[in-house]
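A.B. asks: So that we are looking at the same thing, I have put the structure below in structure tokens.
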Amino acid sequence: MTLDELKRLNPREIGTWPVLPKVGVLTLLLILILVGGYFLDWSAQWNKLTAARAKESELRKEFLGKKAQAVNLDAYKKQLEDVQQSFGALLKQLPNKSEMEALLSDINQAGLGRGLQFELFKPNAQEVVTEFYAEQPIAVKLSGTYHDMGAFASDVSQLSRIVTIDNVALALDKEGRLTMEATARTFRYLDEEEVAAQKKAARDDKEKTKGKGAKGKGKDKVAKKGGKQ
């Protein structure tokens, strides 16, 4: 059809139109319906479907991860037992509270046995307590030869208990002797009563924190009510 013939078509008499214009109008109407349906309804449904597929993928990965854990449960239990045994073996290297005095004496004797002179050997009265063990810092200052100090450090490392030496500072005194200031650290495991006290203190701190949070929320609610009035 020509452009003039299209212009002469009466919109009120579509039924009398030729086939080609009818098909064009119906196609355009169908496109408008599809576009309107997409923006008014289908787009929201498509977004929900996309979100559901993403959630399905996430749940599938979570399921496969838990399935792998369930399949390897016996192996995980064996690993846990090995870790607990290793942890127990490490704890056995730590003295208990009653053995600390003997360990401090061993450290002192290690220095004296190498001919070193102690000018300071002062265990810190305040231990650093963690969940399962306590750390005992010891401030030491001793004088002697460089070789003897190295031998002393080696002897301390070979004690049956764990002892570390850090914060080492070497200097020559007024008499030309080599002096060493350092911090020796040894550790002891907590007895059952101390462990229970540590857990109780942790629970109390947690409850206090929750209590403060609840009070803060209560104040916020009161403030909001006051603002509304």
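The values are calculated or read from the model by the stated rules, or taken from the named source; none is laboratory data. Worth saying up front: this structure is predicted, and the values here are computed from it rather than measured. Every residue, glycine as well, gets a Cβ built from its backbone with ideal geometry; the counts of neighbours run over all protein chains shown.
A.B. asks: Would you mention how many residues in region 143-195 are assigned to a loop (DSSP other than H, G, I, E, B) and either without any contact (Cβ under 8 Å) to a residue 12 or more places away in the chain or touching an Asp or Glu at 6+ places or on another chain (Cβ under 7 Å) (or both)?
C.D. replies: So the answer is 5.
A.B. asks: Looking at LEU6, is it at pLDDT below 75 and either loosely packed, with under 10 Cβ neighbours inside 10 Å or touching a Pro at 6+ places or on another chain (Cβ under 9 Å) (or both)?
C.D. replies: yes
A.B. asks: Still on this structure, I have one more. Only residues that are modelled with pLDDT of 75 or more and either on the phi > 0 side of the Ramachandran plot or surrounded by 11 or more Cβ atoms within 10 Å (Cβ to Cβ) (or both): list them for region 70-98, please.
C.D. replies: Residues satisfying the conditions are ASN72, TYR76, LYS78, GLN79.
A.B. asks: Report, by residue number, each residue of region 133-156 that is within 40 Å of the chain's Cα centre (by Cα) and surrounded by fewer than 14 Cβ atoms within 10 Å (Cβ to Cβ).
C.D. replies: Those that are within 40 Å of the chain's Cα centre (by Cα) and surrounded by fewer than 14 Cβ atoms within 10 Å (Cβ to Cβ): GLY150, SER154.
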